[in-house]
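Take a look at the structure below.
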Amino acid sequence: MLLAIDTSTGTSVAVVDRDGGILAEAGTGDTMRHAEVVGGFIRDALAEAGVRPHDLSGVAGGMGPGPFTGLRVGIAAAHAFAVGIGRPFVPVASHDAVAWAWYRDGGTGRLQVVTDARRREFAISDYDGLDDDDLPVRVGGPVLSPHDDVPVKPGTRFDARLVPAGAVGMLAELAFAAGRLPLADDVPLYLRAPDVTPSARKKVLR
């Protein structure tokens, strides 16, 4: 059983079980209040699932792509919760979770997952179905593209306004069952450098 958190778009938190599926999920598409709501969603999801923190076997976190400020909130929360309960942290690419949910709901063929990366850009990943372990086959991305210049690809374009944490957690469960962890590196997928950079050190006059 896993707690899953994603803040690459809005904020989503879920409790999942490999056999029981998604036991509880809470979230909002608000892209500005990740830090304010993530704690409450963790509490609510655990309560709805009837799960105590130490019943969990790990914590899955969506690694993006996503804007710097929002994405780091969920990753930090997931890492902190994992450390607090003494369980492993499992990184999952957020676009992979969107693709898995789309195919699970009956989608077929090629898929282009698109999320808002701010600054009039989209983050884009391309997929071609699920493999024998029911994990999404990513064939391109993630990459950044201007809003008015998204490459036209065969298949379906899906604009995701909220990455479902339930899908993040179920991907981690499926990958564990298939012996294919880790699914992603434990490094945030920002796709661009943060706005703030260290300033040049000034010489001190003596």
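Read-outs: derived from the displayed coordinates by stated rules, not from any lab. The model shown is predicted, which means the values in this text are computed figures rather than measured ones. Glycine also receives a Cβ, built like all others from the backbone with ideal geometry; neighbour counts cover every protein chain displayed.
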**Report entry** Which of VAL59, VAL168, VAL83, VAL51 has the fewest Cβ neighbours within 10 Å, and the rest in rising order
**Finding:** VAL83, VAL51, VAL59, VAL168
Query raised in the report: Using only Cα atoms, what Kirkwood radius does the range 82-146 have, in angstroms?
Result: 13.1
Query raised in the report: Once all Cα-Cα distances of the range 128-173 are split into 5 Å bins that start at 0, what whole-number percent is in each one?
Result: 5, 13, 20, 28, 19, 10, 4, 0
Report summary line: Among trypsin sites (Lys or Arg not before Pro) in the range 98-166, those in a DSSP loop whose Cβ has at most 11 other Cβ atoms within 10 Å are ARG119, ARG120, ARG161
Requested in this report: Would you calculate a helix-derived [θ] at 222 nm for the chain, using -39,500 (n - 2.57) for each DSSP H run of n ≥ 4 and dividing by the full residue count, to the nearest 500?
Outcome: -9000 deg cm²/dmol
Query - Modelled FRET efficiency - R0 35 Å, THR69 with ASP133, Cβ distances, 0.05 increments - result: 0.55
Requested in this report: For the chain, would you read off the P(r) tail past 27 Å as a percentage of all alpha carbon pairs?
Outcome: 29
Report task. Could you check what % of the DSSP bridge pairs in the chain are antiparallel, to the nearest 5? Result -> 70
Query - Backbone HN-Hα couplings from phi across the range 160-165 [Karplus 6.51/-1.76/1.60, Hz, Gly and Pro as x] - result: 9, 9, 8, 7, x, 4
